[in-house]
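K.L.:
Please find one structure pasted underneath; my questions will follow.
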Amino acid sequence: MYGLGILKGLGVTIKHFAATYIEDFKQGMKHYTDEERFAIRQGVEARGLFTVQYPEEKLAVPERFRYMPFLVVNDADHPDAPGQPWCTSCGICSKVCPPQCIWIVRCTDPETGRPKPEPREFYIDIDICMNCGFCAEFCPFDAIKMDHDYEISSYDRSSAHIYDLEKLSKPLSYWQTIAPTRAEEERLAREAKEAAKAGKVQG
């Protein structure tokens, strides 16, 4: 019968619409303020409409979610080099960047004038960045990672969207918070590499 599919679709919509008000009546404001209820509303047990009340409610992003890059630095309580950036300004990230949105200036020793394995300036134009993650993938020192912070819009395109070394630098503990599984895998890999290197030196 012509139009039967439309009627079935409207029936599903009305069913969800009614279930929303029923759940609101049962749960009250707890339905929208309780974090556990929010998790249920986003799961398979949800009843009714599934609209996220953004920005009051935000969906949790997956651990491998990537937005714009940031630079890893040592935590403030690091015993040897607190706040030291992991970046050696090798320039690999800027070379593999498809839109060429990364600029790096290497540090130089003020006494000898020789280059130091450390960035003096580091810029990323986030308006150009395509969030591909090549910079993080090719970095040999795990010094650049993809952030989870996607709320970076601004009305000022001339300066606010050019991120410098200060804006890009985030401590290792931040990376361990947003990507605990990957951070642990990388830590174990680094330790295994260092142990193998020490074994070769001793041998």
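The values are calculated or read from the model by the stated rules, or taken from the named source; none is laboratory data. Only a predicted model underlies this, so the values are computations on that prediction, with no experimental measurement involved. Please note: Cβ atoms are built from the backbone with ideal geometry, for glycine as well, and neighbour counts cover all protein chains shown.
K.L.:
For segment 138-153, give me the residue count where each residue is part of a loop (DSSP other than H, G, I, E, B), closer than 26 Å to P55 by Cα and of a type outside the set (F, W, Y). Break it down into steps so the answer makes sense when it comes.
P.N.:
Residues of segment 138-153 that are part of a loop (DSSP other than H, G, I, E, B), as a first pass: 139-143, 147-153.
Add one more test, that the residue is closer than 26 Å to P55 by Cα, and what stays is 147-153.
Now restrict to residues that are of a type outside the set (F, W, Y): 147-149, 151-153.
Residues in segment 138-153 being part of a loop (DSSP other than H, G, I, E, B), closer than 26 Å to P55 by Cα and of a type outside the set (F, W, Y): 6 in total.
K.L.:
Just name the residue that is farthest from W175 (Cα to Cα) out of those in segment 75-121 that are acidic (D, E) and not in a strand (DSSP E or B).
P.N.:
First, pick out the residues of segment 75-121 that are acidic (D, E): 75, 77, 80, 109, 111, 118, 121.
Then drop every residue that is not not in a strand (DSSP E or B), which leaves 75, 77, 80, 109, 111.
Values: D75: 11, D77: 16, D80: 20, D109: 30, E111: 35 Å.
Among those that are acidic (D, E) and not in a strand (DSSP E or B), it is E111.
K.L.:
Checking the structure you have, find out if any residue of segment 122-131 is under 16 Å from I162 (Cα atoms), of a type in the set (D, E, K, R), part of a loop (DSSP other than H, G, I, E, B) and modelled with pLDDT under 95.
P.N.:
yes
K.L.:
Output the number of residues of segment 141-197 satisfying the condition of being of a type in the set (F, W, Y) and farther than 17 Å from I104 by Cα.
P.N.:
Residues meeting the conditions: 4.
K.L.:
Spot the failing condition for E191; the list is (1) among the acidic types (D, E); (2) closer than 24 Å to E63 by Cα; (3) assigned to a loop (DSSP other than H, G, I, E, B); (4) over 17 Å from the mean Cα position of the chain (by Cα), and only one is missed.
P.N.:
Going through the list (1) among the acidic types (D, E); (2) closer than 24 Å to E63 by Cα; (3) assigned to a loop (DSSP other than H, G, I, E, B); (4) over 17 Å from the mean Cα position of the chain (by Cα), E191 breaks only (3).
K.L.:
Now a separate question. Of all residues in segment 154-166, which are in a helix (DSSP H, G or I) and either outside the structural domain of Y123 (by TED's automatic domain parsing) or surrounded by 17 or more Cβ atoms within 10 Å (Cβ to Cβ) (or both)?
P.N.:
L165
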